[in-house]
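Read-outs: derived from the displayed coordinates by stated rules, not from any lab. Computed from a prediction, not measured in an experiment: that's the story for all the values here. Methodologically, a virtual Cβ is constructed for each residue, glycine included, from the backbone with ideal geometry; neighbour enumeration extends over all protein chains shown.
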C-alpha cells in the first residue's frame, strides 16, 4: 500500500544527500559575475506545431532577458533564528571516517571505510529516539538515500542494494550499468517506495528507476556524456534531474519524467557542483553561487553569490555555507534572505543533511572519533 502522506511530503523536497566538496575541487570565485547559461527545450514531435508560436513569443524572451536578482551572499542579512548544535553521539570505532550519510524521520545512517577491512565499508544505524546504534558490513558505498521504510545503497562495485530500515538487512540487489573504475560512482535518490539511480559506464550516463518489490528497473534512460559529479542528481515534483558533462567545463542539466524517464527539457551549465530540490524549485551551485531554477528549467534567479561547499533543503529553507565562518545558513527561497543559522559547518569536515526542521551532521571529532549530532531550531 502506498503511503500517500509520506509520498506527498517527499515530493516537496529532495531526498538526495548534500555533502562536502573536497577543498581541492574548489575553483576561484568569479567576483560575482555569473556565466550566462544557454538553454534548449525538448518538445515532443506531436506538440511542435502547436507550441512553435508560444516558444518564439515566450521562451526566447525568458532565456534572453532573465536577470539574476536577490543574491544575499549571506553578508548583509541577519538571521532571525538560531539552530544550536546538540551533543555528539559517538559511532563505533570500526568506522574509520564518514563517507556518506542519509536521514529519515529520526533514523540516521552513516557509511564509511572499515578500520580493519580494506575496500569495504561499515554501515551504522542510529535511532535518535532511543540512542541505539547498530552496524553491519557492506561494500564500498558511493551514495545512499533513505525514506522511512527503505534505505537504498549505491555501491562502487556497480550494485544497488535495498535495505529495510528496522535493522538494515538487505531485501534486494540490482546490478547497475556502470564502470567501477569511473571516477564518479553511482548516485541515488529516493522517495516512497522508489529510487532513481544515475551511473557512469565510462562513456555515457545511465539513469534507472527502481521500485520496491520489483526484480528489474521500471524504466531506464541512456544520456550522452559522462556523469558530471557525485552530487548532481535530484528529484522534485514529478521530475528527476541529472547533470552530464561534455567537453571542458561544459555540462548539461537534464529534466526527465519521474515516472518513465522521458526527456522533458535540457539546459547548459558551467561547472555545476551541487544540486538539491525544495519549495518548488531546483537549486544548482557552481563556483559563482547558487541559482534557483523553475521546475521546467524555463527561468532562473540568483539566490546566493559566492562559492558554497554544501547544499541541501528542508522545512522550506535552502541550507548552504553562505556566511563565512558563521555556520550553515538557511535561506528563505521566497525572499533570498538568511532566515536561520545552524551551528554546524562543512568547514569542520562535517557531512550535513536536513530532515524537516533539523540539521544533522556527521564528522570526526577530537576525543570522540566519528560521531553524529544535530542542530535544532531554538
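Spin-label model, residue 81 to residue 222: label points 7 Å out along the Cα-to-beta-carbon direction sit 4.8 nm apart. Using just the C-alpha positions of the stretch 88-193 as equal point scatterers, what log10 of I(q)/I(0) does the Debye formula give at each q in 0.23 1/Å? Calculated log10 I(q)/I(0) at the listed q: -1.31. Residues 231, 167, 206 in ascending order of nearby Cβ atoms (within 10 Å, fewest first): 167, 206, 231. Histogrammed with a bin width of 5 Å, the alpha carbon distances of the stretch 229-378 distribute as 2, 9, 19, 21, 19, 14, 9, 5, 1, 0, 0 percent, first bin at zero.
What FRET efficiency comes out for residue 316 versus residue 179 if R0 is 22 angstrom and r is the Cβ-Cβ distance? Round to the nearest 0.05.
Details: r = 39 Å, r/R0 = 1.77.
Efficiency for this residue pair is about 0.05.
How high is the FRET efficiency between residue 167 and residue 260 when r is their beta carbon distance and R₀ equals 45 Å, given to the nearest 0.05? Before the final figure, lay out each step's value.
Details: r = 33 Å, r/R0 = 0.74.
Using R0 = 45 Å, I get an efficiency of 0.85.
Here r is the Cβ-Cβ distance between residue 347 and residue 93 and R0 is 25 Å; the resulting FRET efficiency, rounded to 0.05, is 0.50. Sorting 158, 178, 320 by the number of Cβ atoms found within 10 Å of their own Cβ, with the fewest placed first, yields 158, 178, 320.
Could you give the length gained by full extension between residue 129 and residue 334, i.e. 0.36 nm per residue of separation minus their alpha carbon distance, to one decimal place? Working shown, then result.
Values: separation 205, 0.36 × 205 = 73.80 nm, distance 3.30 nm.
Gain in length upon complete extension: 70.5 nm.
When all alpha carbon pairs of the stretch 197-296 are counted in 5 Å bins from zero, the resulting P(r) reads 3, 13, 25, 26, 20, 9, 4, 1, 0 %. Net length available on complete extension from residue 136 to residue 298 is 53.9 nm, with 0.36 nm assigned per residue and the Cα-Cα distance removed. Residues 164, 350, ranked from the fewest to the most other C-beta atoms within 10 Å, line up as 164, 350.
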